[in-house]
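We did not get these values from a lab; they are worked out from the coordinates using the rules stated. Here the structure is a predicted model, which is why all the values come from computation and not from measurement. Using ideal geometry, Cβ is built from the backbone for each residue, glycine included, and neighbour counts are taken over all protein chains shown.
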Ligand SMILES: C[S@@+](CC[C@H](N)C(=O)[O-])C[C@H]1O[C@@H](n2cnc3c(N)ncnc32)[C@H](O)[C@@H]1O
């Protein structure tokens, strides 16, 4: 299939099918094809053990990220937080503990089965300061200038077009708000043929873009103080192969200019 034949609708559909199957425990693995899903190995490799204490295995076993954007965000009690592509909710539940009862966490995800899982986990845990909303991160169901912090864990690489994701993130952040991302990025670009590999795209590989392009899109959306830290080879997280550009998991932070009231 040539790259031109893939529309954003195709990509959203394949991604949604994959994560719907994972949420329903259909033996498909996370960001990758070999790792076992639905044990807590991914979570224990990404987060401090202390952070995970008390989280049920239904949450830790559905950790599909490639970093820990919660810790990078340095959340404060009372903050209002948005998680782009919240999956089974692990980062939302971790954030909810840190912002406390005076804070609030919204998770947005487009996959209904993921939202069902996340809501079931929320109910089981008796959490009251988290809400999961259905939507695409390219058109967020969130008001303008309404959140202090945005986090996202291994999701933006899956979006067919990254520019609207950053524009939307900028729109909903309060002035002075911050964004904290863990994501897969590359040095160099995938060839059109590799980009057209939808299975790999949905595994968080071939949708990833060059890190400089990624930060340029953030700058064009209005973000400042963009910082890329801790780039590490992603070959233990996603299946990489010969002929691909270098693939990394990175932590990316930035600010929306201004001061919140
Ligand atoms: C790799 S998983 C990561 C889930 C979660 N952030 C975590 O760390 O466990 C990707 C999630 O993003 C969601 N997703 C992918 N593309 C999306 C989009 N364009 N809009 C909304 N959700 C999306 C998928 O449904 C899936 O739940």
Over the residues of the chain, compute the C-alpha Rg and express it relative to 2.2 N^0.38 Å. 0.93
Ranked by Cβ crowding within 10 angstrom, fewest neighbours first, how are 124, 178 ordered? 124, 178
Grab the DSSP H runs of the chain that are 4 residues or longer, score each as -39,500 (n - 2.57), total them, divide by all residues and round the 222 nm result to the nearest 500 deg cm²/dmol. -9000 deg cm²/dmol
Taking Cα pairs under 8 Å and at least six residues apart, what relative contact order does the chain come out at, in percent? 20
What distance in nm separates the two pseudo spin-label positions at residue 57 and residue 224, each 7 Å out from Cα along the beta-carbon direction? 4.9
Take peptides 81-90, 144-153 and line them up by average Cβ neighbours within 10 Å, highest first, as a rough protection proxy. 81-90, 144-153
